[in-house]
Amino acid sequence: MKVTVGSAALALAAAALLSGCSGDTGPAAGRGAPAQAKGPQARQAAEQARLAAAARRWGLDRAPLTPPPPPARKPEITPRDGFEVDGQEEEDLPPVFTTVPTKQKIVFLTIDDGAEKDPDFLRMMSELKVPYTAFLSNYLIEEDYGYFRRMQALGVTLDNHTLTHPYLPGLTYEEQKDEICGMQAVMKRQFGKAPTVFRPPYGNYNGDTLRAAKACGIKYAPLWDEEVFVDHWEYRDWDRSLHPGDIVLTHFRGRDDWDGTMVDDMRRFLNKVTREGYAVARLEDYL
Ligand SMILES: [Zn+2]
């Protein structure tokens, strides 16, 4: 299998080089620089070869698919049916949703909490260029903000998952607001920016949650349609399959919590989405 991937990448590289030599009449050729004309294709082929090598190094069946460019016009995000609260529309509360409307074969990876801080995971994701969004809870990250700053420097968006990860519907409006606004303040201080995206712990919320979130500057409250564990997948929907635009959840967990590492978890996630023809896109590009 691994040999096949390598050969495919080489074949692709060869094809790209050939087409670059076959009399390019594209816009670049007009500038009278044939060397430049084949530049982008050669670079793309080299990048594909690099990705294939990284995929082999991290034990993937094949390289992750490249997502399409961000949409020129962002889709309109509305609450999932049955996930609205009273006053949702009238008060313009942040929508709770599990899928982003798109016809493209993409999924969004979101990773929650922040217990495990695995440097190999950071390396794997940046070598494979897989985008993801982190939902952080302060009580788990305060021992090592530096790890998440490194993640942010690699292009990952860090979002709000409360200060202490409580069951929010069990709290008053004021208490919920302290949890959400308090985390906004921590994130502003530690990472330079208060997020506009928030995920309630356990996916549990009520009207006060969304009102408090809005008061703290939150615009979106994404949940998830599938959850990946190191040894299995769980599905929200009866059809037990991926759909275009699905948001996938996993957690910053390692051997303390389950039988494997973050790298093992990501291998399971990436092998399945790639096998099914999905690319991983960046959630913020669609919000
Ligand atoms: Zn959580």
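Derivation of every value follows stated rules applied to the coordinates shown; laboratory data play no part. Please read these numbers as outputs of a predicted model, since none were measured by experiment. All Cβ positions, even for glycine, are placed from backbone atoms using ideal geometry, and neighbour counts span all protein chains on display.
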Seminar exercise, completed: Of all DSSP beta bridges having both residues in the chain, the percent classed as antiparallel (nearest 5) is 15 percent
Problem set entry | Lysine pairs in the chain with Cα atoms under 20 Å, if 8 or more residues apart or on separate chains | 18
Exercise. Gap in Å between the Cα centre of region 145-159 and the Cα centre of region 174-244?
Worked result: 17 Å
For this session: Mind checking which of Pro222, Gly114, Gly192 is farthest towards the positive end of the chain's charge dipole, using Cβ charges of +1 (Lys, Arg) and -1 (Asp, Glu) about the Cα centre?
Result: Gly192
Seminar exercise, completed: Label model pair Glu142, Glu127: point-to-point distance (7 angstrom along the Cα→beta-carbon line) in nm is 3.5 nm
Seminar exercise, completed: Sparse-neighbourhood loop hits (GluC sites (Glu not before Pro), region 184-280; DSSP loop; Cβ within 10 Å at most 15 others) -> Glu276
Exercise. For Leu242, what charge total do you get from the other residues with a beta carbon under 15 Å from its beta carbon, if Lys and Arg give +1 and Asp and Glu give -1?
Worked result: -1
Exercise. Of the chain, which part is the longest with no chymotrypsin sites (Phe, Trp or Tyr not before Pro) in a loop (DSSP not H, G, I, E, B) and with at most 11 other C-beta atoms within 10 angstrom?
Worked result: 1-166
For this session: Could you tell me whether the chain comes out rounded, prolate or oblate from its Cα gyration tensor? Rule is a ≥ b ≥ c as square roots of the eigenvalues, rounded for a/c under 1.5, then prolate if a/b exceeds b/c, otherwise oblate.
Result: prolate
Exercise. Can you list the trypsin sites (Lys or Arg not before Pro) in region 239-287 that are in a DSSP coil and have 15 or fewer other beta carbons within 10 angstrom?
Worked result: Arg240, Arg255
Problem set entry | Rough spin-label spacing in nm, given labels placed 7 Å along Cα→Cβ, for Glu84 and Arg57 | 5.0 nm
